[in-house]
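Heads up, the thing below is written out as structure tokens.
Please treat every number below as a calculation from the coordinates, not as lab data. Computed from a prediction, not measured in an experiment: that's the story for all the values here. Virtual Cβ from ideal backbone geometry, glycine too; neighbours counted across all protein chains shown.
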Amino acid sequence: MHPETVRISSVPSRPDSNILLLALEATGDGIWYWDVGSDETFFSPSYYRMLGYEPNAFPMTGQSWLNRIHPEDRHRVLEENTRCINNPEKTLQVEYRMLKKDGGYAWILCRGRCIDSNETGKAVNMIGTTTNISDRKQMEHELLESVGIVRTVIEESPFSLVVTDRETNRILHVNRRYLQMIGRRREDVVGTICGVFSHVPESVRNRLTYLLDRNGSFDDEEISLAGKDGDVRSFSVSARIISLAGRNACLAAFQDITRLKETEATLALSEERLRLALTVTKSAVWDWNLKDDTTYFSPQWYTMLGYAPGPVGSDLKAWSSLTHPDDVKRTLEKARKTIQYGNSYEAEFRMRAADGSWKWILGRATVSARDQDGQATRLSGTNTDITSIKQLEMELRDAQSFLKTLLNTIPSRVFWKDTESRYLGGNSKFLRDTRLPSEAHLIGKTDHDLPWS
């Protein structure tokens, strides 16, 4: 005998019925026996325990068993029993709900077969097992519920979805939006062999296929598709190679972005117009977040002063550091009044340019956002370079001063009127000779209004 061979002579070659019963009881399954003619039954202890009862807690009869089956399941269970009784060679397998001691129901899988039949060929004795499958049923319910949710999500998705078999190019599934996108019926699409990008122009189809083959996925590729009516719409396409029931498949999603592209184009046009308007008027945009005291200055805000965007800072301190010391307090006070009272803000102040010179700036703003209590949270506005205007004003004042000096130097009476004979002014010689205290007593009047009339 081989040294590793061990003879076990104490184990019987055929277990007796008690051993088989104990083995079956150990699984938690119940055992039943039914004498069809007398309606006498036998239920094993585990049969009772799986329902929460102590052994022999209810009578061992077929009627007692039937009374504990859920009303909605009884008819179906009786039909299965009758089928097996009339066809003894058939096996019984049926699932149903059975009343437990706590008032709830347990899902039961009942299996059985005929072990004896009469001269008419009908079963007279049956035997079988019962298994508590409540956990499995709960899992099935949750799975079906999840599948239902997934199907609903897919079908009602805002994206057009299509799934194809990678090897055969057969379309496996499409949702409602996809059918609307291509203008076809589900029965004319599902099952056909045409590929995931079949409705896309060839040049675009080749590009998308290349990306998918190379990377296994791609996102947000923009394409244009023409509908049956010739209307061209824009789509964003994403695709993935996925495993579906053991086979390679492709999932593609198409999102109609036509309105988004139109909005982007409109916004871009508006921004371009605003940029041109700000450029022509030498204006820059700024925004002050009053909640966290941060500011935004547009690129023109910097270039207006000769700086590159960013380096000088982007907060209120940056503005203060560049503003003329004589103008900071006055300008901020106007801004605070606008924030407090909601009136429009307008202020002229000087800012230091990159070359060290001072530029005159006209700032205009308004409260652009408020919180739920009505408190201002943002102040938005523009800065306009008015240095040239200020220079003209200065030159005009100088010219007026020179002209005034010149006229007052002339030894003759000089005055000037508008087209309606109202006085606009006069030199000092004219005022002295007419005995008027000042030019203010002359301006806007006619000869009929004056003492000499």
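Per-structure values
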item	result
Dipole-positive endmost among 411, 444, 357 within segment 308-453 (Cβ charges, Cα centre)	411
The chain, helix-only ellipticity at 222 nm - DSSP H runs n ≥ 4, -39,500 (n - 2.57), divided by all residues, nearest 500	-11000 deg cm²/dmol
Per-residue ³J(HN,Hα) for segment 43-49, Karplus 6.51 cos²θ - 1.76 cosθ + 1.60, θ = phi - 60°, Hz, x for Gly and Pro	10, 6, x, 5, 4, 5, 5
Principal axis dimensions, segment 295-367 - Cα atoms, whole angstrom, descending	36, 24, 18
Relative contact order of the chain, defined on C-alpha pairs under 8 angstrom at six or more residues apart (%)	6 percent
Positive-end extreme of charge dipole, the chain - chosen from 32, 81, 169 (charges on Cβ)	169
Distance histogram for the chain (every C-alpha pair counted, 20 angstrom bins, percent rounded to whole numbers)	15, 18, 25, 16, 14, 7, 5, 1
Net charge dipole size for segment 278-390 [Lys, Arg +1 and Asp, Glu -1 on Cβ; Debye, nearest 20]	240 debye
For residue 218, distant residues with modelled amide H under 5 Å away	239
Cβ charges +1 (Lys, Arg) and -1 (Asp, Glu), total dipole of the chain, debye	1720 debye
Net dipole in debye of segment 402-453 [+1 Lys, Arg Cβ; -1 Asp, Glu Cβ; about Cα centre; nearest 20]	200 debye
Set of lysines with alpha-carbon distance to residue 100 below 28 Å, sequence-local pairs under 8 removed	137
Rel. contact order, % - alpha carbon contacts under 8 angstrom, at least six apart, segment 410-453	33 percent
J(HN,Hα) series, segment 441-451, from Karplus relation 6.51 cos²θ - 1.76 cosθ + 1.60, nearest Hz, glycine and proline x	7, 9, 4, x, 9, 9, 4, 5, 8, 9, x
For residue 92, residues with placed amide H under 5 Å, excluding near neighbours	112, 113
Vicinal HN-Hα couplings computed from phi for segment 166-171 (Karplus, 6.51 cos²θ - 1.76 cosθ + 1.60; Hz; Gly/Pro x)	5, 7, 9, 6, 7, 6
Dipole of segment 107-211 [Lys/Arg +1, Asp/Glu -1 at C-beta], most positive-end residue of 158, 120, 139	158
24 Å Cα-Cα reach of residue 291 towards lysines, excluding residues that sit fewer than 8 places from it in its own chain	317, 329, 334, 337
Cα-Cα pairs of segment 157-260 separated by more than 17 Å (percent)	50 percent
Exposed-site-free run, longest, the chain (rule: GluC sites (Glu not before Pro); DSSP loop; at most 13 other C-beta within 10 Å)	168-419
More than 13 Å apart - percent of Cα-Cα pairs taken over segment 410-453	49 percent
Peptide ranges 372-379, 146-153 listed from the most packed, as the mean C-beta count within 10 angstrom indicates	372-379, 146-153
Sequence-distant residues sharing a close amide H with residue 175 (under 5 Å, placed H)	161
